[in-house]
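Structure record follows, encoded as structure tokens.
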Amino acid sequence: MTGGQSAEGGFSVAQIAAQVAAEGAVRVVVVSDEPDKYTDPGTFLPSVTLYDRAELDAVQRDLRNTRGLTVLIYDQTCAAEKRRRRKRGLYPDPPKRAFINELVCEGCGDCSVKSNCVSVKPLETEFGRKRIIDQSSCNKDFSCVEGFCPSFVTVHGGTLRKPVKAEGNGAADLFAVLPMPEVKTLLEPYDILMTGIGGTGVVTIGALLGMAAHIEGKGCSVLDFTGLAQKNGGVMSHVRLAPKPDDIAAVRIAAGACDLLLGCDMVVAASPVALSRLEGGVTRAVVNTSLTPTAAFVTDGNVDFEANVMHRVLRRAVGEAGIDFVEGSRIATALMGDSIATNLFLLGYAFQKGLIPISFDAIDQAITLNGGGVEANKRTFGWGRLAAHDPAAVEAFARPALAPVGNPLSRSEQRLSYATFLARYQDLAYARRYEDIVARVERADCGTGDQALTEAVASNLFKLMAYKDEYEVARLYTEGAFLEKLDRQFEGDYRLEFHLAPPLLARRDPVTGDLRKRVFGPWVFTAFKLLARFKGLRGTALDVFGYTAERRMERQLIEDYILQVEYVLSRLTVRNYAIAVELANLPEMIKGFGHVKEKNVAEMEARKILLFEQFETEKIVAQKVMPSRLVSV
């Protein structure tokens, strides 16, 4: 049951299996992520069979073909509950973590498909959207590593790097002189709407405020609308404070009556239901700018979060002067080592702004009475207060734990970066070919100043030319950036395991026919160093990897794209310019490795045919006027 609830009646897995078998099920199977815990042969009836979670797909296919009633009992502790128990020391915490090498990652999302996990989050980079593991919310399920991608490693041993400590680094002095805000006098009901994501502690913050109000003898009601934690469902808490309990006639905040929006998640804060409670000139808002992907990201890795739109909507709702956007998740994670600290950090920020009509002493006592991670929670609340008072100081403390972020590159700088990358990828001649093609497009571009076609070709030709074969994966692991990112996140004595499916070594799944990944030990890093030196063999007769169907397809995609660009330039007009840009951007659809990539290429080729039909001013079917290889799958 989700949230660690007991099954109705308190039945054990064995008892449920026995009951459904007695009621006439022709087959009863138990699938567990911990099959080893059932060591007693007498646990289940002889007719009940036990399987490891890895066999779930095969088991379901088998049951589908079995006549009569079949029952599958899936035994696994709720993922969010696992995380909570581990923090309290009540559940085993394996010294193992998943990590994604973002340079190798293609952003295909197969890891999300395999795991259905919202801890696999988007990461926007110079080379497009990739994936990253949120170590704070990761429940150590590890099904994500089965995604067909060589970017996954597991880190064994060691620990996450410790967060910034207030003691001994100068922060304690800043906390000591932090001025106490003027607490708003509570003369009438004061309404706080908190928005967030299931499983991140929004409900806990509401309960904390309720306890603080009780300590001061004030009235308080808390109404929680909770979402599915494991699906990143939206959560709203209506917190109403009043001088005394009798002053609260209703627990739900009325339309336009919200005094403070505490937007722990911006997506939920900008939802129609939340916006209906806001009123310009009445509502003050403190909103976390860090976007938490919803369940939609699991099924559609290309979903547009439209952060700019949400900013505008919230500004319109409360007024420009009534809102503070805070990079809560980014800063709180850097300072406390846990993104779950975000909500309490934002509460501290709002308190220091004088937006919480409860005294510091009452909130401090409520944190103490809560009992879990008291000192860490008080420090988080303090960091939030300091961020409101002196944001530059907090940013300075957080910066060492953050990955360096440079200024966005201009168009010319971006192209130079691509060319430099391709020179390292292969050689200078390879990079010059890229530059020559892009320059030719730039000269012929008839755009209205923005040169959208040139930018599309520059980005997508680079993507195709930098395809990740064995040599490139090896280079991206050993050039240094990967180890630097690991070092920023982990400390101590740890070893790495790599999850790979080398085409020449991997076996195929007997059901799906796809290659299956294997685990390789730390020795593979030495093999990567050796393999990276042989990148000069790429595409030559001595390239043993180049004979596979996938590598031949990747090389052909480059040549086809260049021919496509030349053809489009020869017929480019203002009238078909927008379609030309769409055609140039088609390689954005090509993501992933192996069978994942092949599927995306097939979808791209089908889309290409339709676009060429639109591109032709005479509306002639594309196959009749284009070289056949440009439109064949």
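Between Val273 and His214, the modelled labels are 2.5 nm apart [label points 7 Å from Cα along Cα→Cβ].
Counting only protein heavy atoms and a 1.4 Å probe, tell me what percentage of region 57-116's accessible area is made up of carbon and sulfur. Carbon-and-sulfur percentage of accessible area, whole number: 47. Quick one: grab the alpha carbon gyration tensor of region 323-454, order the square roots of its eigenvalues as a ≥ b ≥ c, and give me rounded if a/c is under 1.5, else prolate or oblate depending on whether a/b is larger than b/c. Because a/c hits 1.5 or more and a/b exceeds b/c, region 323-454 counts as prolate. You can think of it this way: the chain between Thr526 and Val511 has 2.0 nm of extra reach, that is 0.36 nm per residue less the Cα-Cα gap.
Annotation: aspartates and glutamates with alpha-carbon distance below 20 angstrom to Lys218 (same-chain offsets under eight excluded): Glu182, Glu188, Asp191, Asp246, Asp247, Asp259, Asp361, Asp364. Considering only beta bridges that DSSP places wholly inside region 13-159, some 50 percent are antiparallel.
Solvent exposure of region 329-469, expressed per residue, is 42 Å² of accessible area, with all protein chains present and a 1.4 angstrom probe. When both bridge partners sit in the chain, DSSP labels roughly 60% of those beta bridges antiparallel. Considering only Ser136, Leu486, Ser12, and ranking their Cα positions along the charge dipole of the chain that arises from unit charges at the beta-carbon of Lys, Arg, Asp and Glu, the one farthest toward the positive end is Leu486.
Charges were assigned to the Cβ only: +1 to each Lys and Arg, -1 to each Asp and Glu. The resulting dipole of region 3-158 about its Cα centre is roughly 380 debye. Relative to the longest principal axis of the Cα atoms of the chain, the long axis of helix 342-352 makes an angle of roughly 50 degrees. Report the calculated FRET efficiency for Arg555 and Asp57 (r = Cβ-Cβ distance, R0 = 41 Å), to the nearest 0.05. After rounding to 0.05, the efficiency reads 0.75. Test of the criteria: in region 232-284, which trypsin sites (Lys or Arg not before Pro) are in a DSSP loop and have at most 16 other Cβ atoms within 10 angstrom of their Cβ? The qualifying sites are Arg252. With a simple spin-label model that places each label point 7 Å from the Cα along the Cα-to-Cβ direction, the separation between Lys244 and Tyr74 comes to 5.3 nm. The trypsin sites (Lys or Arg not before Pro) of region 48-154 that DSSP puts in a loop, and whose beta carbon has at most 14 other beta carbons within 10 Å, are Arg67, Arg88.
Helix 428-444 axis versus longest C-alpha principal axis of the chain: approximately 80°, rounded to the nearest ten.
Between Ala7 and Arg518, what's the calculated FRET efficiency when r is the beta-carbon distance and R0 is 30 Å? Round to 0.05.
Result of the calculation: an efficiency of 0.25.
Cβ screening of the chain for cysteine pairs under 4.7 Å finds these without a partner: Cys78, Cys105, Cys108, Cys117, Cys138, Cys149, Cys220, Cys258, Cys264, Cys446.
Charged neighbours of Asn600, selected by a Cβ distance under 13 Å, balance to -2 (K, R count +1; D, E count -1). When only DSSP loop residues count, what chymotrypsin sites (Phe, Trp or Tyr not before Pro) in region 458-564 have their Cβ near at most 15 other Cβ atoms within 10 Å? In loop regions of region 458-564 (DSSP not H, G, I, E or B), the sparsely surrounded chymotrypsin sites (Phe, Trp or Tyr not before Pro) are Phe534.
Give the longest segment of the chain that steers clear of GluC sites (Glu not before Pro) in DSSP loops with at most 15 neighbouring Cβ atoms within 10 Å, not counting the sites themselves.
In the chain, the maximal stretch lacking such sites is 307-478.
With the cut-off at 1.5 for a/c, could you classify region 51-161 from its C-alpha gyration tensor as rounded, prolate or oblate? The shape class here is oblate. Against the chain, whose longest principal axis comes from its Cα atoms, helix 549-570 is set at around 80 degrees. Can you figure out the FRET efficiency of Glu413 with Arg488, using R₀ = 30 Å and their beta-carbon distance, to the nearest 0.05? For Glu413 and Arg488, the calculated efficiency is 0.75. Considered as an equivalent ellipsoid built on the Cα gyration tensor, the chain has semi-axes of 46, 35, 25 Å, the largest given first. Rounded to the nearest 20 debye, the dipole magnitude of the chain is 920 debye, with +1 charges on Lys and Arg beta carbons, -1 on Asp and Glu beta carbons, and the Cα centre as origin. The residues of region 26-82 expose, per residue, 60 Å² of accessible area to a 1.4 Å probe.
The values are calculated or read from the model by the stated rules, or taken from the named source; none is laboratory data. Model, not experiment: these values are computed from the prediction. All Cβ positions, glycine included, derive from the backbone under ideal geometry; neighbour counts span all protein chains shown. Please note that ligands, DNA and RNA were not included when accessible areas were found on the heavy atoms of the full protein model with its side chains. Shrake-Rupley method; radii C 1.70, N 1.55, O 1.52, S 1.80 Å.
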